[in-house]
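First the structure, in the form of structure tokens, and then the observations on it.
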Amino acid sequence: MKKAKKLDISNNRCIICGKAKPGLAVKDDFVLNSIRWFKHNITKNEKGYHLVVCKECYLKYQKERNKYVKRQIFYLIIGILFAMMLIFVSRGSLPSIGFGILMVLILYVFSLFSYMPAVEIPKKFIKMIKERDKNGE
Ligand SMILES: [Zn+2]
């Protein structure tokens, strides 16, 4: 019996549909690392899944990811404007600078409620998209 050499996907988890499927690997970032650290050290329920986005979920993922990125920028701008105003009004008193920084952090945490990590896009895929854009399609 010949067994086809296949990548083991039993440990894969699509972050959208939650199924064990092949897909684009999710990039590690500090949010994911923090969640992992928390699960490993505090709640002790680390699953060690290999997080991916499967092909079927990619469009949905892209939408959510764009939403998250936009929201993050929006909250950051609001936070910075608010902090600047606060510092300006208080003529740069130390507590208001501290409060301003805190506001930026709190708004940043709010943006994480719609958190969607980045995925690794294979190089040939990027090249393909670039070629397509060049041809003006
Ligand atoms: Zn999926």
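Screening the chain for whole DSSP H helices with an alpha carbon extent of at least 27 angstrom along the helix axis and a mean Kyte-Doolittle hydropathy of at least 0.0 yields 58-89. For the pair LYS67 and LYS39 in one chain, pulling the backbone fully straight at 0.36 nm per residue adds 7.5 nm over the alpha carbon distance. For the range 16-48 versus the range 55-118, the inter-centroid distance based on Cα atoms is 23 Å.
Expected output is a single nm value to one decimal: the length gained when fully extending between ALA118 and TYR58, i.e. 0.36 nm times separation in residues minus the C-alpha distance. What is it?
Details: separation 60, 0.36 × 60 = 21.60 nm, distance 1.16 nm.
Result for the pair: 20.4 nm of gain on full extension.
Overall dimensions of the chain, expressed as equivalent-ellipsoid semi-axes from the Cα gyration tensor (√(5λ), whole Å, largest first), are 39, 23, 11.
For the set LYS39/LYS67; LYS67/LYS123; LYS19/LYS55; LYS19/LYS130; LYS27/LYS67; LYS19/LYS127, the pairs lying more than 22 angstrom apart at their alpha carbons are LYS39/LYS67; LYS67/LYS123; LYS19/LYS130; LYS19/LYS127.
In this label model, MET128 and VAL89 are separated by 5.3 nm, measuring between points 7 Å along each Cα→Cβ vector.
Restricting the calculation to Cα atoms, the range 22-90 yields a radius of gyration followed by a Dmax of 17.5, 55 Å.
Throughout, read-outs are computed from the coordinates displayed, never taken from laboratory work. Everything numeric here is computed off the predicted structure, so don't read it as measured data. Positions of Cβ are generated from backbone atoms using ideal geometry, with glycine treated the same way; all protein chains shown enter the neighbour counts.
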